[in-house]
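Let me begin by presenting the structure, written as structure tokens, before commenting on it.
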Amino acid sequence: MKFEGTKDYVATDDLRIAVNAAITLERPLLIKGEPGTGKTVLAEEMSKALDAELITWHIKSTTKAQQGLYEYDAVSRLRDSQLGDERVNDISNYIERGKLWESFEREKRPVLLIDEIDKADIEFPNDLLLELDRMEFFVYETGETIKAAQRPIVVITSNNEKELPDAFLRRCFFHYINFPDEETMKQIIAVHFPDLKGRLIQEALNVFYEIRDVPGLKKKPSTSELLDWLKLLLVEDISPENLKERDPSKLIPPLHGALLKNEQDVHLFERLAFLARRERN
Amino acid sequence: MFVNFFHELKSANVPVSLREYLTLLEAMDKKVIEDKVEDFYYLSRSALVKDERNLDKFDRVFSHVFKGLDSLEEGDIAQIPEEWLKSLTEKFLTDEEKAQIEALGGWEKIMEELQKRLEEQEKRHEGGNKWIGTGGTSPYGADGYNPEGVRIGQKEGRHGKAVKVWDKREYKNLDDGVEIGTRNIKMALRRLRRFARHGQPTELDLDDTIKSTAHQGYLDIKMVPERKNKINVLIFFDIGGSMDSHIKLCEELFSAARTEFKNMEYFYFHNCLYEHVWKDNKRRHQERMDTWDVLHKYPSDYKVIFVGDATMSPYEITYAGGSVEHWNEEPGAIWLERIQQIYESAIWLNPVAERHWEYTPSIQVIEQVFQDRMFPLTLEGLDNAMKELSRAS
């Protein structure tokens, strides 16, 4: 099993090596990076490229580690016992399998995505240490040990809202998705819009990186926003000349709504445009 | 294997453990990568570094260890490239070119020659940062025109990729000692918030009670600590004068702090705390508050944070009448001590870089008054400060 990127996803050398190391050594791969640089998409593309099933576990602030293993539905058992249901005698009827259990059961090695692990409680990663290390856990209610048939390929993403514990980090491979440089960005665009005119790409990229370089922006536009913006440019049929126009009164790029998501940022831009105009006069 | 590298990382304060080192060796053993330095760099980075803040440190160590800038001895130089170049030759040279090497007297001959030149060059540049020149017509070095030229330290031939990946230091701005922004400050301040969630169980946990009752078969009441953010913070900002250059940093701290705590009160002071503080800097002479009133109003469970560069004349702290703006009846140090008597946890955040502290006597005085609870206004410092604050009570 080797990951080489897919036709829809441009994997840089360092990313490829990190992914392959994680696959070969059967360790979890921890992915961090700016929002919108394709952390979650990576897992999807890995599952496509490796022809493995993708099992996604989205983490929220209320998610508990136990929910990934299994949950014991005590309330419905209580109800069933009141109703005299036969099912009540077998406790395993009330064990609901979590995503981790699901991924342990697969015959073929699946990709397990634990998305945005930093959203959960601070203790969450620690609670999963042993399970991810040994790929087995114990079900207290039934007294059975669940062991992975095939160690799943585990991909974990984090937006850095919380620090992850050292013991957890030590068990992972880590990759920080850096913001792509202009060359890589061109490749990414070529993958998504193969028929885009070369000149338009160049002009759009210039505008895009100029915007990213404006100091003081609250939220810098990211790859996914660039792709959205390009889509809009295509739909609206904006010509490269339009983008190239450096008329100060039009300093705000067309359809900027796709790139700037914050009204303060738009204001900042308008102010800069105003200043530029005044300088000309 | 690479033990030296491992130790260098350790001593550069990159948190690496034996386990990660073994993981790296295991990956090498299983041939995850081909024999390329870049690949090895990526692999070791992925296996050993777990936090983007450490990437820059890692890059520096990697560059230092594997480039052999200062520490590599002459004998080593001759050994390392030989292995290394051989694999490179296999990658880059065509059969025809290999035949030409044979014509030149074979691989050994060339290596011998190379070694000689390496030694010469070593003498010419003292600790030079390139093993061998670029752009020449010698068979050794990068960008050469000689058909059997051996490319050293270059990945993609003549694409001008002169700088090694690890030498670019792309992750410089992620190093946590360096710079902080609002978001980072929030992250650090959250440490305090999390602590605030602990405490005595005072609330009924309905879900857990139902679950536990169903489990046990009898009514089993479960309590949890209140989850509200109960932390109270009192912040004093130094304003004006020598603080002007740090204003931006402080504003960021201020805006971040505002959203992180429910009860946060702030006051301004100038240089050192005296008998008056104020809330609106424009009207500082009209709307002043008595510091005693402030100390009486806010109970002792408030956490007190001072933000200031503590850079002034030592007299401003230790003598009555030392203030530059008005006649103060009591020295600033007394006020600072009062604060510490009333409030269990009080700290001082200083935007001045820690390495400069020892040159400013007033910083040392205040550090002493605060019993070493002065922290630099870096992410790391802020983190330690929050740890200190949440330690008490």
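Laid out as a table, the results:
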item: Flag if A:LEU113 is within 14 Å of chain B (Cβ to nearest Cβ) and within 26 Å of A:ARG16 (Cβ to Cβ); result: no
item: Scope the range A:23-45; condition within 14 Å of chain B (Cβ to nearest Cβ) and under 17 Å from the mean Cα position of the chain (by Cα); matching residues; result: A:PRO28, A:LEU29, A:LEU30, A:ILE31, A:LYS32, A:GLY33, A:GLU34, A:PRO35, A:THR37, A:LYS39, A:LEU42
item: Criterion (surrounded by fewer than 20 Cβ atoms within 10 Å (Cβ to Cβ), within 18 Å of the chain's Cα centre (by Cα) and not polar (S, T, N, Q)) met by exactly one of B:ASP383, B:ASP372; result: B:ASP383
item: Per-region count, the range A:125-137, residues more than 13 Å from every other protein chain (Cβ to nearest Cβ) and in contact with a helix residue (DSSP H, G or I) (Cβ under 9 Å, 6 or more places away or on another chain); result: 8
item: Subset of the range A:138-173 (residues that are crowded, with 21+ Cβ neighbours inside 10 Å, of a type outside the set (S, T, N, Q), more than 10 Å from chain B (Cβ to nearest Cβ) and in a strand (DSSP E or B)); result: A:ILE153, A:VAL154, A:VAL155, A:ILE156
item: Residue within the range B:312-320 that is over 23 Å from B:GLU358 (Cα atoms), touching a helix residue (DSSP H, G or I) at 6+ places or on another chain (Cβ under 7 Å) and touching a residue at least 12 places away in the same chain (Cβ under 8 Å) present; result: no
item: Matching residues, the range B:9-34, being closer than 20 Å to A:ALA11 by Cα and more than 9 Å from every other protein chain (Cβ to nearest Cβ); result: B:GLU34
item: Any hit, the range A:214-229, residues being under 26 Å from A:ASN178 (Cα atoms), exposed (fewer than 15 other Cβ atoms within 10 Å of the Cβ) and at pLDDT 80 or above; result: yes
item: So A:GLU96, is it surrounded by fewer than 19 Cβ atoms within 10 Å (Cβ to Cβ), charged (D, E, K, R), farther than 21 Å from A:LYS64 by Cα and in contact (Cβ under 8 Å) with a residue 24 or more places away in the chain; result: no
item: Test for A:ASP8: is it of a type outside the set (Ser, Thr, Tyr), surrounded by fewer than 21 Cβ atoms within 10 Å (Cβ to Cβ) and within 11 Å of another protein chain (Cβ to nearest Cβ); result: no
item: Hits in the range A:174-191 - residues which are crowded, with 16+ Cβ neighbours inside 10 Å and assigned to a helix (DSSP H, G or I); result: A:MET185, A:LYS186, A:ILE188, A:ILE189
item: Residues of the range B:314-366 that turn out to be over 34 Å from the mean Cα position of the chain (by Cα) and among the aliphatic types (A, V, I, L, M), as a count; result: 3
item: Of all residues in the range B:8-23 being part of a helix (DSSP H, G or I) and without any contact (Cβ under 8 Å) to a residue 12 or more places away in the chain, the one that is farthest from A:ARG170 (Cα to Cα); result: B:SER11
item: Qualifying residues in the range A:12-35 (those that are touching an Asp or Glu at 6+ places or on another chain (Cβ under 7 Å) and closer than 17 Å to A:GLN187 by Cβ) - the one surrounded by the fewest Cβ atoms within 10 Å (Cβ to Cβ); result: A:ASP13
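The values are calculated or read from the model by the stated rules, or taken from the named source; none is laboratory data. Small disclaimer: the values here were computed from a predicted structure and weren't measured. As a convention, Cβ positions derive from the backbone with ideal geometry for all residues, glycine included, and neighbour counts pool all protein chains shown.
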